[in-house]
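K.L.:
Below are the structure tokens for one structure; questions will follow.
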Amino acid sequence: MDPRIKTSATDLRKQFEMESASVEGMNRSFDALAQVRSVRAQLKERAARAKGAVADAIAALDKQAGELEGAARSNFFGLPPGAKQPENFSSLNQHFSGILSVADSGRCGSHDPSNHSYKNWRRPRETRRSLTKIRQQDISALNAKLKKARLAPIDPGKSAETPAADADGDDVP
């Protein structure tokens with residue numbers, strides 16, 4: 001250890017735990033975000049061919065998935081006065097990234113606000129429950145309607161499409 005660092009072994013262990021949990025949270029929220037984006041892309045494809053009640057069901061499910069996808073926000077560590085922002089996978093990923101940045105800087109003692117944020121955000125249960133409900137119940141119900149309309153079902157396990165690399169292997173524009 002660098003002799004100039006006066007951090008106790010206990011604080012170093014807490015820092016490591018916070019960093020590890022932040023990386024795990026980032027990975028999980030990113031994977032969930034990719035799943036939501038994949039489902040939304042499939043919904044968009046089906047919506048172009050759907051009519052009536054099936055189109056309405058697709059729109060309703062897309063709205064739910066859109067709320068889970070969310071969008072990244074600026075000035076993330078502070079909440080606007082008077083309200084907690086709705087939890088979504090984009091903001092969770094950004095939040096875990098912010099906690100990791102603070103933990104990685106070595107400024108995360110027991111009285112640091114990031115430590116409080118870490119404890120409050122490391123288990124985003126409600127957002128995961130919402131995604132599980134969409135995957136297990138809502139998509140199944142929509143797939144029954146899609147089948148009756150002779151449209152392809154939504155595959156909640158399908159991975160999101162990733163852009164292909166250049167044929168020559170050089171991704172430089």
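K.L.:
Residues in region 43-60: is at least one of a type in the set (A, V, I, L, M), over 22 Å from residue 150 (Cβ atoms) and open to solvent by 10 Å² or more (accessible area, probe 1.4 Å)?
P.N.:
Checked region 43-60: no residue is of a type in the set (A, V, I, L, M), over 22 Å from residue 150 (Cβ atoms) and open to solvent by 10 Å² or more (accessible area, probe 1.4 Å).
K.L.:
What are the residues in region 137-173 that are among the hydrophobic types (A, V, I, L, M, F, W, C), open to solvent by less than 80 Å² (accessible area, probe 1.4 Å) and modelled with pLDDT under 85, if any?
P.N.:
Answer for region 137-173, where residues must be among the hydrophobic types (A, V, I, L, M, F, W, C), open to solvent by less than 80 Å² (accessible area, probe 1.4 Å) and modelled with pLDDT under 85: 160, 165.
K.L.:
Let me ask you something else. Output the number of residues of region 115-136 satisfying the condition of being of a type outside the set (D, E, K, R), under 13 Å from the mean Cα position of the chain (by Cα) and at pLDDT below 80.
P.N.:
2
K.L.:
For region 93-112, check the following and say yes or no: at least one residue is at pLDDT below 60, small (Gly, Ala, Ser) and more than 19 Å from residue 63 (Cβ to Cβ).
P.N.:
Yes; the residues of region 93-112 include at least one that is at pLDDT below 60, small (Gly, Ala, Ser) and more than 19 Å from residue 63 (Cβ to Cβ).
K.L.:
Right, next: Given the condition modelled with pLDDT of 80 or more, loosely packed, with under 14 Cβ neighbours inside 10 Å and charged (D, E, K, R), answer yes or no: does some residue in region 79-86 qualify?
P.N.:
Scanning region 79-86 turns up no residue that is modelled with pLDDT of 80 or more, loosely packed, with under 14 Cβ neighbours inside 10 Å and charged (D, E, K, R).
K.L.:
Do any residues in region 89-104 that are at positive phi and free of Cβ contacts under 8 Å to residues at least 60 places away in the same chain have Cβ atoms under 8 Å from those of residues that are open to solvent by less than 20 Å² (accessible area, probe 1.4 Å) and not in a helix (DSSP H, G or I), where the two are at least six apart or on different chains, and which pairs are they?
P.N.:
none
The values are calculated or read from the model by the stated rules, or taken from the named source; none is laboratory data. Please read these numbers as outputs of a predicted model, since none were measured by experiment. So basically every Cβ, Gly included, is an ideal-geometry build from the backbone, and we count neighbours across all protein chains shown. What goes into the accessible areas is simple: the full protein's heavy atoms, side chains included, and nothing from ligands, DNA or RNA. Shrake-Rupley method; radii C 1.70, N 1.55, O 1.52, S 1.80 Å.
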